[in-house]
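The structure under discussion appears below in the form of structure tokens.
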Amino acid sequence: MSKINILTGEIRTGKTTRLMRWAASLKNIDGIFQPVIQERRFVYHIGSRTLKPLETSETTNIISIGKYNFSNQTFAWSQKILIDCLKKNLDWIVIDEIGPLELDGKGLEPVITKLLAERENIKAKVLCVVRESILEKFIEHYGLQNDYQIFELPD
């Protein structure tokens, strides 16, 4: 079983920006990024180069955490992208970012659990972005104690 690659760091330290720069030079990669653009979070599909707002001012069909409202529709779109990645012959699958919502069974769940459970059946290396403050909870929640390695982006 291949180890899960984890890119970690504190909130707002440029993880996604550096990751997007690294991924731009790769050919056989898919998944999602969650860039913050003008103080709002979006989801970017690597394969189709499509950007959709995740953070919303809507009041229906949302998930709220703290002061943030996120679009369930964008989460559903993101989940479909990740499920479709399982059917492709990729070198890398990127999941940016797994956070408190996923640890609570929301957001990108149940797809994250499915993807991590089926990783022995896929050729791709899986790269998860997890903020440092919840890294231990992430490892414990998904049972990855001996199945992960910290991923270092090249400078």
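The values are calculated or read from the model by the stated rules, or taken from the named source; none is laboratory data. Note that the structure is a prediction, hence the values are computed from the model and not measured. Please note: Cβ atoms are built from the backbone with ideal geometry, for glycine as well, and neighbour counts cover all protein chains shown.
Annotations
- For the range 20-36, a residue qualifies if it is loosely packed, with under 12 Cβ neighbours inside 10 Å and of a type in the set (Gly, Ala, Ser), and the qualifying residues are Ala24, Ser25.
- Any chance Ser78 is touching a Leu at 6+ places or on another chain (Cβ under 7 Å) and of a type in the set (Ser, Thr, Tyr): yes
- Glu120, sole failed condition from (1) more than 13 Å from the chain's Cα centre (by Cα); (2) modelled with pLDDT of 95 or more; (3) within 19 Å of Ser2 (Cβ to Cβ): (2)
- Residue that is farthest from Leu116 (Cα to Cα) [pool: residues in the range 6-19 that are touching a residue at least 24 places away in the same chain (Cβ under 8 Å) and surrounded by 12 or more Cβ atoms within 10 Å (Cβ to Cβ)]: Arg18
- Candidates in the range 55-100 are the residues that are among the hydrophobic types (A, V, I, L, M, F, W, C) and farther than 14 Å from Ile32 by Cβ; of these, the one that is modelled with the lowest pLDDT is Ile65.
- Screening the range 99-114 for residues that are out of contact with any helix residue (DSSP H, G or I) (no Cβ under 6 Å at 6 or more places or on another chain) and of a type outside the set (Gly, Ala, Ser) and picking the one that is farthest from Ile11 (Cα to Cα) gives Lys114.
- The set of residues in the range 22-42 that are part of a loop (DSSP other than H, G, I, E, B), in contact (Cβ under 8 Å) with a residue 40 or more places away in the chain and closer than 20 Å to Leu101 by Cβ contains only Gln34.
- Sole residue being under 21 Å from Ala23 (Cα atoms), of a type in the set (Val, Ile, Thr) and more than 16 Å from the chain's Cα centre (by Cα), chosen from Ile37, Ile98: Ile37
- Going through (1) assigned to a helix (DSSP H, G or I); (2) without any contact (Cβ under 8 Å) to a residue 40 or more places away in the chain one by one, Asn146 falls short only on (1).
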